[in-house]
Amino acid sequence: MEERGGCAGGFRKDTVDRLLRLHFRDGRTRVNADAQLLMAELLKVFVRAAARAARQAQAEDLNKVDTEQLEKVLPQLLLDF
């Protein structure tokens, strides 16, 4: 997990922070830098999986992504690690 120029995992720190804060009940909850980096990496993996599933749906001439396309790309995603 690497931080580059105010970005964590390809996402801006304030974007990750805002996404996390959407689900906090207490407005005083603080997020440290390590938690932001971890969340950014998880977001990167999720976006990569969604993009691959969309490409799989296009290859099958489908207009929407279903769980079947996601299941087909999950083994590829696991190999990335």
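All of the numbers you see were taken from the coordinates with simple rules; none came from a lab. Because the structure is a prediction, the values reported are computed rather than measured. With ideal geometry, Cβ positions are generated from the backbone for all residues, glycine too; neighbour counts draw on all protein chains shown.
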So what's the back-of-envelope 222 nm ellipticity for the chain, counting only DSSP H runs of four-plus at -39500 (n - 2.57) apiece and dividing by all residues, rounded to 500? -20000 deg cm²/dmol
Of 76, 45, 15, which is farthest towards the positive pole of the chain's charge dipole, taken about the Cα centre with +1 and -1 on the beta-carbons of Lys, Arg and Asp, Glu respectively? 15
Value of Rg to Rh for the chain (Rh from inverse mean 1/r over Cα pairs, i.e. Kirkwood): 1.09
Burial order of peptide ranges 32-43, 68-79 (average beta-carbon count within 10 Å, highest first): 32-43, 68-79
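What helices in the chain pass both tests, a Cα length along the helix axis of 27 Å or more and a mean Kyte hydropathy of -1.0 or higher, using whole DSSP H runs?
33-59
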GNM on the chain, Cα springs under 10 Å; top mean-square fluctuation among 25, 52, 12 goes to 25
Once the cut-off is 13 Å, how many percent of the Cα-Cα pairs in the range 34-81 end up in the long-distance tail? 56
In debye to the nearest 20, how big a dipole does the chain give about its Cα centre with +1 on each Lys and Arg Cβ and -1 on each Asp and Glu Cβ? 400
What does the net charge come to around residue 58 if you take all other residues with beta carbon closer than 11 Å to its beta carbon, with K and R at +1 and D and E at -1? +1
